[in-house]
1. Rounded to the nearest whole Å³, what is the per residue volume of the convex hull around the Cα atoms of region 468-627?
2. Based on DSSP H assignment, which helices of the chain show an axial Cα extent of at least 18 Å together with a mean Kyte-Doolittle hydropathy greater than or equal to 0.5?
3. With respect to the cross-link table entries 8/311; 192/254; 48/577; 467/506; 242/291, which display a Cα-Cα separation exceeding 27 Å?
4. In nm, what is the difference between 0.36 nm times the number of residues separating residue 72 and residue 261 and their Cα-Cα distance?
5. Report the Stokes-Einstein translational diffusion coefficient (µm² s⁻¹, integer) for region 175-241, Rh taken as the Kirkwood radius over Cα pairs, at 4 °C with viscosity 1.567 mPa s.
6. What base-10 log of the normalised intensity I(q)/I(0) is obtained for region 538-653 from the Debye formula, alpha carbons as equal point scatterers, at q = 0.15, 0.16, 0.22 Å⁻¹?
7. Summing Lys, Arg as +1 and Asp, Glu as -1, what charge do residues with Cβ under 15 Å from the Cβ of residue 380 carry, residue 380 excluded?
8. As a check on your grasp of the helix formula, calculate [θ] at 222 nm for the chain: sum -39500 (n - 2.57) over DSSP H runs of n ≥ 4, divide by the residue count, round to the nearest 500.
Amino acid sequence: GLAFGAEKGAEFIKQNDPESYALLEAYADGVNQYIDQLSDARLPVEYKILNYRPEHWTAFKSILLLKYMTDMLVGDRDLEYSNLRKILGEVMLDKLYPEYPQGVDPVIEPGHDWGFTPATVNRPDSISYPDDLLVIESLPQPADGTGSNNWAVSGSKTKSGNPILANDPHLSLNLPSLWYSMQLTTPSHSVKGATLPGALGVISGFNENIAWGVTNATRDTRDWYKITYQDDSRKAYRYGDKWEQTSFRIEEIKVKGEPVYLDTVVYTNYGPVVYDRTFNANRQDVNFALKWNVHEGSNEQKTFLMLNTAKNHDDYNAALNSYTAPAQNFVFASKSGDIAMRIQGKFPLKWKGQGKFFMDGADPRMEWQGYIPNEHNASTLNPSRGFVSSANQHPTDSTYPYYVFDNSYEFYRNRRLNSRLSEMNQITVEDMQALQFDDYYLHAAEALPLMLELVGANADSDEDAKKYIGLLKEWDFYADPNQKAPTLFFIWWKNTYGQVWSDLSKNVAPIVLPNYYRTVQLMKDAPNDPVFDLRGTAEIETAATHVQQGFKEMLADMKIWEAEQGDFSWANYKQTKVQHLVPQFKSFSVENVYTGGGSGILNATSNRAGASWRMVVELGEEVNAFGIYPGGQSGNPGSKYYSNFINRWANGEYLNFDLRKSDQTEGVLFQTILN
């Protein structure tokens, strides 16, 4: 339903904000003027290889781009949780997948005074779910490594007395780069930062008065409803004690060298029926409708246009009021000294547990009960701790009066970030840059001592085992590129984790496994718990059983790696790649980038994902800014500016991003960046 959602968005913007729509059309006109002057010889090389010409850009495409970004950043595990409920029962499900585990460090500081009376939510007296075990492929989910960090510190914690803001969105590492850095100057304002080709304005950046940045606010805003049709015509479906009429949307799918494919999609009051008899009819979840706030009219583009010209906290709040999806944690800092964080999106008003599993679309009680009032979205301004931060973790503590759920909250980057910000004072821009490039592996720091304790005599099984154990015991838990211990831990943990949940993994129905954080908690607090003996074998299995087996598998894996590759330093093992958007165009990619970090680390650089943009801004009398991204200002693989930032990015270096003054000539505007 992305195109449907974009059409709704276009209608909404035309009716409610014609000025924004005029800007979208003007943007498209500029793109098309360039396309029309392109001869075949000057087409980008990708179009030549694929034998295409770019078609004209439209306002609709800019809106669709932001809907696509939502789909890229938002997932749901309704299918997997429905299966887990059937396999484990609700008691074990809650034990292995607690919605609010011990030790959560939320985005909004604990103990925050919400200052509002919440809207009422009515929970049905009885709830029944479609209860068949679904043996099908999982639905597409956000790519591994998708996440982000952002934070702002107040002048009370900085050396200069000025607020400092930092942002690094974590996405797939691609060439040409996802972002394009730009300064936009008009007679009334200048703004600079990372732009998203196809969308208007600066997405993460700053102007003369404020700075802002975004991270993904993981929240469950997609739900699935089983549809019961009246007959094969699919013209009506059961809704309570009556039959509601469906509507049909015919979509054209262009196929190169073949006739256009016409796809008839059924729409219900919930939304589109995604899988049906004409699309993946072999799935067991055919005839489920998707309810998603993307299918309702909204104007996210206005948010960024307003942020680009904002001058203070009131302007920031006004800009965010237009924002629906994908939900984001918007960090803010201003020259006047304010710092703030707001978790912004259009969030369904749900009773506890609603939307966690597939629901029966014939039962009207399963409907969302509206939306959380926009003014009740969690936010904070100038908290007493002197900083705000987010890293895709739980949005709030348990005192927030609305039901909040997602299956993918982060548990390591956020705690490392908050720990460092709490203890730091006299902070400088260089300190914030170092924190963005921080390689401390908190997961390893919490899991490895436990694993070393549980491995027992297996640690002395041979000379290789002694060597590896020695490296691990000496490790300082920093995943720097030249370190070897991160590789050993990564492989040992992967095998141990696989052993712990091997019985669950053997289910033919798709499920999601308990996360790393919960697994370590169970290994530490209850190493002899029956959850470690799900197979029920004659020999009772414990956490130690799995750690020891994982160690044996690590030894075998390392024997193969050292024989074939030799060097098992961390950078050589994870082999970070910045890959061309067409994966087969390997010669246009940059492979084996020498850098540290990893998933779950503040420097979140894994094999294919990481900080797609790093920005640090100090809001003094003169705004000082620094930025970098893993690519370059050209999309042409033959240009020296195609990938010239990558080595600096990999080394944690930055470019000066200060605003250029109006008296500086246009010709030197990006001389600093390009050089």
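Each reported figure results from applying straightforward, stated rules to the coordinates on display, with no laboratory input. In this text the structure is predicted, and so the values were computed from the model without any measurement. Because the Cβ atoms are built from the backbone with ideal geometry, glycine has one as well, and the counts that use them run over all protein chains shown.
1. Expressed per residue, the convex hull around the Cα atoms of region 468-627 is 202 Å³.
2. 59-73, 442-455
3. In this structure, 8/311; 192/254; 467/506 lie more than 27 Å apart at Cα.
4. 65.6 nm
5. Using the Kirkwood radius from Cα pairs, D works out to 79 µm²/s.
6. -0.83, -0.89, -1.24
7. Within the 15 Å Cβ shell, the charges total -4.
8. -9000 deg cm²/dmol
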